[in-house]
Amino acid sequence: MNILLTGGAGYIGSHTALVLAQAGHNVVLFDNLSNSDAAVPEKISSMAGKKLPFVQADVRATDLVEKALREHRIDAVVHFAGFKAVGESVAVPIEYYANNIHGTVSLLQAMQRVSVKTLLFSSSATVYGLPQYLPIDEAHPTHAINPYGRTKLHVEEMLGDVARSDAAWRIMCLRYFNPVGAHESGMIGERPNGIPNNLMPFIAQVASGERERLQVFGNDYPTADGTGIRDYIHVMDLAEGHAAAVHYLQSHQGWDVINLGTGQGYSVLDMVRAFEKASGRGIPYVIAARRPGDVPACYANPAKAKRLLGWQATRSLDDMCASTWQFQRNRV
Ligand code: NAD
Ligand code: UDP
C-alpha cells in the first residue's frame, strides 16, 4: 500500500515508517519538523534500504496535504502530527487546539477531496483520565483531564462522526500507553527538547551524566513500592501494532478504538533498576512530592488488540532500557 505518515519524522512516526517500509509498503513522510530533526527522513531511508519521499509541510496546509495524497497515490494515512506535552497544553491550550484539532480537520478535508478514506489516528491512554478499574479496557469511560487529553478525545469523537456519515471510511484510533525505547540500532529514538518531562528519557540522561539525579514523584501511592505504575511499551512493538492495524483496516469499515499496551505495569523504581542493569550505571534519585495530575497506576487490557489485530507486544523491559541506552550513547 501507499501510506502517508503525518508526523512521520517524529519519535513514533519514524519507527512506524521503518516497520511499514520493511513490510513492503511505500511510505511517504509528511512533517513540518516542528519537533523533529531534519536528518531523520534520511536515516529512516538508509535503515530501510530505500528512499522514503519526504514532504516538509504543515498538516494545516490542506492544499499541500491534498497534493501529497494525489502525487503519491496514497491509500491510507497514519496521523501522528500534533503536540503532545500535557503541561504545555495547560499553558498554551490555543496552540494545542489549533494544531491537534485544526490539523486533523485539515487532513480530513484533504482526504475527502481525493477520496482517501482509511485513517489510523494516534490517540492516548490519557483519554481515560483517572482509572476507575484496572487493567483499562476500551469500554472504560473516557474523561480527559487536561487540554492535551481533550484534543485527543475531541478528535476521536470527530472521527466517529465522520465514519458514521459515510460507510466508506475506515478509521482506527490507537490509544497508546507509555511508549519508550528506540530501534535497536540506536539510530532513531526519542529526542526530547530541554528537560525531559517523561521518566525514561530523564533516567537515560541521568545515566549518561547529563543530569545529576532523578526526582521520583511520590513514594506514598497505594502500590507495592509506593511509586507510580505505568504500562511501558517498546516503540518497535507500537510500530508493529500500526502495521497490524493498517492490515486490519483493509478489510474493515467504520470506526473503532484499540489500546496499544502490554498489560504489564512497572513502578518508577522498577524502571530505575532495569535501566541500571541495562546501562551498567548507577541512577541516583531522590524522593520528591507527587506530581499534580498523576494517577497511582495505569495499565492496559490489551486483549482487543490481540483479538482484532492478532498483535501483542513481545519486547521486554530490558529491551526497552537497552535500546534507550544505545540511542542515548549515540546522541552524546
Ligand atoms: P513527536 O513530537 O516526536 O512527533 C510528532 C511529529 O509531528 C513531529 O515530528 C512534529 O514535527 C510533527 N508535527 C507536529 N505538528 C505538525 C503539523 N502541524 N504539521 C506537520 N507535522 C507536525 O511525538 P510522538 O511521541 O512521536 O507522538 C506522535 C503522536 O502520538 C502524537 O499525536 C502524540 O500525541 C501521540 N502520543 C504520543 C505518546 C508518547 O508518549 N510519545 C503517547 C500517546 C500518544
Ligand atoms: N516520573 C518520575 N520522575 C520524573 C518523571 C516521571 O517519578 O522525572 C514518574 C511519574 O510520576 C509517573 C511515571 O514516572 O508515575 C511515568 O511518568 P511519565 O511522565 O513518563 O508518563 P505519564 O505521566 O504520561 O504516564
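Points to keep in mind about this one:
- Taking packing as the residue-averaged number of other Cβ atoms within 10 angstrom, the listed peptides 10-19, 280-289 run from highest to lowest as 10-19, 280-289.
- Alpha carbon convex hull of segment 62-208, projected area averaged over orientations, nm²: 11.1 nm²
- Cα centroid of segment 260-309 to Cα centroid of segment 141-201, whole Å: 18 Å
- For segment 145-218, diffusion coefficient by Stokes-Einstein and Kirkwood Rh (Cα), 20 °C, 1.002 mPa s, µm²/s: 135 µm²/s
- With the highest mean first, a sort of the peptides 69-77, 190-198 on other beta-carbon atoms found within 10 angstrom per residue produces 69-77, 190-198.
- For CYS298, residues with placed amide H under 5 Å, excluding near neighbours: ILE229, ARG230, ASP231
- Dipole orientation for segment 102-164: of the candidates ALA144, LEU130, GLN112, GLN112 has the Cα lying most toward the positive pole (charges on Cβ; Lys, Arg +1; Asp, Glu -1).
- Expressed as a fraction of 2.2 N^0.38 Å, the value expected for a compact globular protein of N residues, the C-alpha radius of gyration of the chain is 0.95.
- Table column - 3J(HN,Hα) (Hz), segment 86-92, Karplus curve with 6.51, -1.76, 1.60, x for Gly and Pro: 4, x, 5, 5, 6, 6, 10
- The length gained by stretching the chain between ARG291 and GLU95 to full extension, at 0.36 nm per residue less their Cα-Cα distance, is 68.2 nm.
- Our summary gives segment 10-97 a relative contact order of 25 percent, counting only alpha carbon pairs under 8 angstrom and 6 or more residues apart.
- Calculated FRET efficiency for the pair ASN330/ASN197, C-beta based, R₀ 25 Å, to 0.05: 0.70
- Based on the Kirkwood approach, the hydrodynamic radius assigned to segment 107-149 is 12.6 Å, with every pair of different Cα atoms included.
- The smallest convex shape that holds all Cα atoms of segment 198-288, its convex hull, gives 122 Å³ per residue.
- Taking θ as phi - 60° and the Karplus parameters 6.51, -1.76 and 1.60, the scalar couplings of segment 99-108 work out to 7, 6, 8, 4, x, 6, 4, 4, 4, 4 Hz in sequence order, x denoting glycine and proline.
- Where a label projected 7 Å from the Cα of ASP319 along Cα→Cβ would reach, residues of segment 221-265 with amide N under 20 Å: 230-247, 259-265
- Of THR223, GLN22, MET271, farthest towards positive along the dipole that unit charges on Lys, Arg, Asp, Glu beta carbons give the chain: GLN22
- Per-residue 3J(HN,Hα) values for segment 157-166, derived from phi via the Karplus relation 6.51 cos²θ - 1.76 cosθ + 1.60 with θ = phi - 60°, read 5, 4, 5, x, 4, 4, 5, 6, 7, 7 Hz in sequence order (x marks Gly and Pro).
- Inverting the pair-averaged 1/r between distinct Cα atoms of segment 27-138 gives 15.8 Å as its Kirkwood hydrodynamic radius.
No lab work stands behind these numbers, since they all come straight from the coordinates. Please read all numbers here as calculations on a predicted model, not as lab measurements. Backbone-built Cβ (ideal geometry, glycine too); neighbour counts: all protein chains shown.
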